[in-house]
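Below you'll find the structure, written out as structure tokens, and then a few comments.
The values are calculated or read from the model by the stated rules, or taken from the named source; none is laboratory data. Since we're looking at a predicted model, the values are computed, not measured. Positions of Cβ are generated from backbone atoms using ideal geometry, with glycine treated the same way; all protein chains shown enter the neighbour counts.
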Amino acid sequence: MTDTALAGASAPAAGPTVLGWFEPGTPDWHAARTNGIGGSEIAAVMGISPYESRFSLWHRKQGLIAPVVESEEMFWGKVHEPAICERFAQLHPELFVSMAPTYAAADRPWQIANPDRLIVPAPGADHPVEIVEAKTARDDHGWGKAGTDDIPVHYRAQCLWYLDVLQVSRCHVAVLIAGSEYREYVIDYSPHEAQTMRKYGADFMRTIRQHERPDIDGHAATLQTIKSLPEGQDDIDIEVTQADRDRYFAALDAAKAADAEKRAAAGVLLDQIGTGRRAVHDRKTVATRTVRDGRTHSLQPARTRSTS
């Protein structure tokens, strides 16, 4: 990263602080992130995470709900990480790849980085020149051509967050798709994006300090958080506003209408497919018909949609 780039992002002169060596998901790892924002959390702060919302993350940071429970996807990602990083090292013998501790930005202790691996200038060196992130994916949805920076946006945010903390210019993303397809991508530091993320992060930390709860949004994690907060039930009536009542009823009606239209649209496609397997348009798959016991079971939409 050039001095000009660092100046444009207002990066600190000093290097990052090492908080310690923690295994992801352990109590010590969670404790190190309690009063800060990690790379897997900045996407939630910015409202671009498929797994966590700003609302749910805020409640976790306040200690009002439990830490994220490790899912099967998270478990297998952790299991495959060493092998993916080893494959990266094998394919790049010219690079020195090493394990990484947990860091905090020098003048922003709330900005936490826990990269999967470091690329160092020589064996035994402890200051990185680049970093490596290992990912797993069920399919290539959201992943572009190998060698580009076309990766899912929440992973891009994580990479840029780490680059900003460590003051290095490049993150190599190694991904294992469907258990057998290995690809690599490259994310370069962006001062503009780093500055934007810092602003989001600083504002989120302010809401934590001031106990300013984020607005309720439509993320699944937000609804799950709201469901988990009350304990027990009191046999009482709670008055709600007319506007909130009307919004709720309108949403129910809209969902019912959308479900009816979805069924009708699916019926039209299935009627055209007949005994076929796929509905296509302009040689691109629209949906796939699945069969069980010789009969149509479901119609699965294509993961990538094209209306051009």
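Observations on the structure shown:
- Residue among H30, H59 that is touching a Pro at 6+ places or on another chain (Cβ under 8 Å) and within 24 Å of H219 (Cα to Cα): H30
- Yes/no for V68 being more than 28 Å from M205 (Cα to Cα), assigned by TED's automatic domain parsing to the domain that holds E133 and either surrounded by fewer than 14 Cβ atoms within 10 Å (Cβ to Cβ) or not polar (S, T, N, Q) (or both): no
- Test: residue in region 179-194 that is within 31 Å of the chain's Cα centre (by Cα), modelled with pLDDT under 95 and under 30 Å from H297 (Cβ atoms): yes
- Checking D217 against (1) farther than 18 Å from S53 by Cβ; (2) not in a helix (DSSP H, G or I), the condition it does not meet: (1)
- Unmet requirement for A221, which otherwise passes all of (1) loosely packed, with under 10 Cβ neighbours inside 10 Å; (2) in contact (Cβ under 8 Å) with a residue 24 or more places away in the chain: (1)
- Identification of helices (runs of 4 or more DSSP H) wholly contained in region 22-128 with 3 or more residues that are hydrophobic (A, V, I, L, M, F, W, C) and within 19 Å of the chain's Cα centre (by Cα) yields 42-45, 54-61, 72-91.
- Some residue of region 297-305 being closer than 30 Å to A43 by Cβ, outside the structural domain of P67 (by TED's automatic domain parsing) and hydrophobic (A, V, I, L, M, F, W, C): yes
- Close pairs (8 angstrom Cβ cut-off, 6 or more residues apart or separate chains): under 13 Å from A202 (Cα atoms) and in the same structural domain as R108 (by TED's automatic domain parsing) in region 34-48, of a type in the set (S, T, N, Q) and buried (at least 24 other Cβ atoms within 10 Å of the Cβ) anywhere: G36/Q111; I37/Q111; I42/Q158
- Test result for I131, in contact (Cβ under 8 Å) with a residue 12 or more places away in the chain, within 20 Å of the chain's Cα centre (by Cα), in the same structural domain as S98 (by TED's automatic domain parsing) and surrounded by 20 or more Cβ atoms within 10 Å (Cβ to Cβ): yes
- When residues of region 188-210 are limited to those that are assigned to a helix (DSSP H, G or I) and of a type in the set (F, W, Y), the one surrounded by the most Cβ atoms within 10 Å (Cβ to Cβ): F204
- Count of region 74-115 residues which are under 20 Å from S180 (Cα atoms) and at pLDDT 95 or above: 12
- Residue match in region 80-90 (condition: polar (S, T, N, Q) and surrounded by fewer than 14 Cβ atoms within 10 Å (Cβ to Cβ)): yes
- Of the residues examined, R289 is one that is basic (K, R), touching a residue at least 12 places away in the same chain (Cβ under 8 Å), in contact with a Leu (Cβ under 9 Å, 6 or more places away or on another chain) and more than 30 Å from M46 (Cβ to Cβ).
- Restricting attention to region 39-48, the residues being surrounded by fewer than 23 Cβ atoms within 10 Å (Cβ to Cβ) and not β-branched (V, I, T) number 3.
- Any hit, region 137-155, residues being buried (at least 16 other Cβ atoms within 10 Å of the Cβ), in contact with a helix residue (DSSP H, G or I) (Cβ under 7 Å, 6 or more places away or on another chain) and outside any strand (DSSP E or B): yes
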